[in-house]
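Peer 1: Pasting a structure below so you can have a look.
Each reported figure results from applying straightforward, stated rules to the coordinates on display, with no laboratory input. Model, not experiment: these values are computed from the prediction. Note: ideal-geometry Cβ built from the backbone for every residue, glycine included; neighbour counts use all protein chains shown.
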Amino acid sequence: MARILQDLKLDIDEELSERLAWMVPGHGDFRILRQSVDARKRARPHFVMTVEVAEDGETLPNQEIHLEKAARAPAEKPLIVGTGPAGLFAALRFVERGIPCVLFERGSESGERIKGINQFWRYGQLDPRNNVCYGEGGAGLYSDGKLITRIKSPHIPYVLDRLVRFGAPREILWLANPHVGSDRIRRVIPLLREYLKAQGCEIRFNTQVTELLVEGSAVVGLRTEHGEVFKSPAVLLATGHSAEDMLNHLRDLGVRLDGKSFAMGLRIEHPQPLINRLQYREYGEHPKLGSANYRLAHHDHQSGVGVYSFCMCPGGYVLSSGTEADGIVCNGMSNYKRNSPFANAAIVVSIDHQKNFGDDLFGGMKLRRELERRAYQSVIEAGGARELPAQTLKDFVAGRRGDVHRGSSPSGALPVRLDEILPRSIRQRLLEGVQRFDQSLEGFAGPEAQFYGVESRTSCPLRVTRDEETLQSVSHTGLYPAGEGAGYAGGITSAACDGVRLADRISEVLTQQKFCDVL
């Protein structure tokens, strides 16, 4: 019978096989179930593992996840809008249940999409359909492929298993901070797409959904920009956090929307060797440790405002990722090896919707748009075109414009007064937060730190409100809001799990069959 060894501490220069040889003499097969790095300052950095070990001569059983299929396919196919993580994994769940579906995407396949993105980074020519937020794979395709999540969904093992099946690195199954890398996830998505098509999913690229069809208080289908009409009792809406046009359409239809708290700020960049030293000290360049990351947070109890790091990208790049020609947004990504000489992360301030906007439902969207336009205008006024606005931390603190450091952004960086772009309240909270972070990681606020702006799309400032039990819109039956754009996820894994959850619910409604969750 297999044994589970929990909290096994392994020195960075020690081999797991050697440790197991004397802990469990003559053991059989083994596998890592969980692995993290403990780099607290009083101890030498080491790995903490949970390991499953079989007895001598035994092998560990496969951990394959199979799904129960529908007894028969429904008369009408479910429709999915958006090919981000929520939409793709909803489609995958449908076809694995034996339920054909139709998937709509305003942008192109990932191979074509990257051409538009490269044109934007090199020449500043924005393709409104193919950019860092729109196109096959959604915004998650250019956000490092980070799979870290705080949710406790039973669908997480399924999502990770399927990513590995389509080419993601196997260690995402056990690492505490798993990531695929933007370079590798671009290979995963085409394989997933071709599997979906082979299993009965019809995918319509370059096809924007312009209208949801409503009869009474029920969504009964959709119309595309090409004038095509598709009818279905189930429309799964997974358009992502940047599809403002769809949110406006929902408002016009009278779909229930609620303001949602969110966060925004700037992205900070440091040399990666500096972050390695701050986290791992004299072991900073140890080959087994790789590029160090961090997670920092400060909460002001009096005001209730939080400042925290978000989407930390070790060995990464700062990206220009806007969706409008007159706005600038920044984001971050890393490739699988995380071997860029720079580390970056968003440093954002929490914004409570009720306190800041009251009854103005679109107040958060307006603020987001205003800051993105200010960022763009600052670059134009400084004589630039495609660069990201940047300011060293020391100049941000001093309230002045100065030279900027060479950084990682493929669009380049231009010195501007980011401190003047941000509202005073956000600027002050950022300064307080960074000062606190420097107490935790001494040197974080040093002269090598540099800000880029603006980090305005951490999540959607609106929620398409749905019923907790039926998972349909509370105002319109047949509409299933999913993922980040609907306000129910905050990253690749949580969005994918949300898509899976809704697909299972729709499958039960359309087939009148109760499925076992995972076999």
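Peer 1: Give the calculated FRET efficiency between Gln439 and Gln512 to the nearest 0.05, with a Förster radius of 60 Å applied to their Cβ-Cβ distance.
Peer 2: So, using R0 = 60 Å, E works out to roughly 0.55.
Peer 1: Residue farthest toward the positive end of the dipole of the range 180-330, with Cβ of Lys/Arg at +1 and Asp/Glu at -1: which of Gly304, Gln279, Ile185?
Peer 2: So the residue we want is Gln279.
Peer 1: Next question. Dipole size in debye (nearest 20) for the chain around its Cα centre, Lys and Arg Cβ +1, Asp and Glu Cβ -1? Provide the component values of the computation, followed by the final result.
Peer 2: On the way: 65 positive and 65 negative charges, 110 e Å.
Here the size comes out at about 520 debye.
Peer 1: I've got another one for you. Could you compute the FRET efficiency for Glu202 and Lys394, with r as their C-beta to C-beta distance and R0 at 60 Å, rounded to 0.05? Don't skip to the answer; put the middle values down first.
Peer 2: Values: r = 55 Å, r/R0 = 0.91.
Efficiency, from the Cβ-Cβ distance: 0.65.
Peer 1: In the range 226-278, which trypsin sites (Lys or Arg not before Pro) fall in coil by DSSP and have 11 or fewer other Cβ atoms within 10 Å?
Peer 2: Values: sites: Lys231, Arg251, Arg256, Lys260, Arg267, Arg277; in loops: Arg256, Lys260.
Listed in order of number, the matching sites amount to none.
Peer 1: Same structure again: Relative contact order (percent) for the chain, with alpha-carbon contacts under 8 angstrom and 6 or more residues of separation?
Peer 2: Details: 1201 pairs, mean separation 98.3, N = 519.
19 percent.
Peer 1: Local charge sum around Ile80 (other residues, Cβ-Cβ under 12 Å, Lys/Arg +1, Asp/Glu -1)?
Peer 2: It works out to a net charge of +1.
Peer 1: Which lysines, if any, have their Cα less than 16 Å from the Cα of Lys231, not counting same-chain residues under 8 positions apart?
Peer 2: Within reach: Lys77.
Peer 1: Let me ask something additional. Magnitude of the Cβ-charge dipole of the range 3-53, K/R +1 and D/E -1, about the Cα centre, nearest 20 debye?
Peer 2: That gives a dipole near 340 debye.
Peer 1: Tell me, what is the FRET efficiency for Asn339 and Asp29 to the nearest 0.05, using R0 = 41 angstrom and their Cβ-Cβ distance as r? Write out the running numbers ahead of the final one.
Peer 2: Details: r = 32 Å, r/R0 = 0.79.
Between Asn339 and Asp29 the formula returns 0.80.
Peer 1: Taking 0.36 nm per intervening residue step and subtracting the Cα-Cα distance, what contour gain separates His405 from Ile380 on full extension?
Peer 2: Values: separation 25, 0.36 × 25 = 9.00 nm, distance 1.96 nm.
Taking 0.36 nm per residue and subtracting the Cα distance, the gain is 7.0 nm.
Peer 1: Another question, if that's okay. Within 10 Å of each residue's Cβ, count the other Cβ atoms and sort Asp498, Asp395 from fewest upward. Show your work: numbers first, answer last.
Peer 2: Working: Asp498 27, Asp395 20.
So the ranking, lowest neighbour count to highest, is Asp395, Asp498.
Peer 1: Expressed in nm to one decimal, what extension gain is obtained for the pair Ser303 and Trp22 from 0.36 nm per residue of sequence separation less their Cα-Cα distance? All intermediate terms of the calculation are to be shown ahead of the outcome.
Peer 2: Numbers: separation 281, 0.36 × 281 = 101.16 nm, distance 5.44 nm.
Here the segment from Ser303 to Trp22 would lengthen by 95.7 nm.
Peer 1: If you don't mind, there's one more thing I want to ask. For the range 252-296, state which GluC sites (Glu not before Pro) are in a DSSP loop and have at most 12 other beta carbons lying within 10 Å of their beta carbon. Could the numbers behind the result be given before it?
Peer 2: Numbers: sites: Glu269, Glu282, Glu285; in loops: Glu285.
Filter output for the range 252-296: Glu285.
Peer 1: Sequence-distant or interchain residues sharing an amide H contact under 5 Å with Gly221, placed H: which?
Peer 2: Residues meeting the criterion, in which the H sits 1.01 Å from N, are Leu213, Ser232.
Peer 1: Counting only DSSP beta bridges with both residues in the chain, tell me the antiparallel percent, nearest 5. Don't skip to the answer; put the middle values down first.
Peer 2: On the way: 60 of 78 bridges.
The antiparallel proportion sits near 75 percent.
Peer 1: List the DSSP H helices in the chain whose Cα atoms stretch 24 Å or more along the helix axis and whose mean Kyte-Doolittle hydropathy is at least 0.0. Don't jump to the answer; show the numbers that get you there.
Peer 2: Numbers: long enough: 182-198 (25 Å, -0.36); 363-381 (27 Å, -0.99); 424-440 (25 Å, -1.08); 492-511 (28 Å, 0.50).
The answer, listed by residue number, is 492-511.
Peer 1: Decide, for the chain, between rounded, prolate and oblate: order the square roots of the alpha carbon gyration tensor eigenvalues as a ≥ b ≥ c, take rounded if a/c falls under 1.5, and otherwise choose prolate if a/b is larger than b/c, else oblate.
Peer 2: Details: a/c = 1.80, a/b = 1.04, b/c = 1.73.
Because a/c hits 1.5 or more and a/b fails to exceed b/c, the chain counts as oblate.
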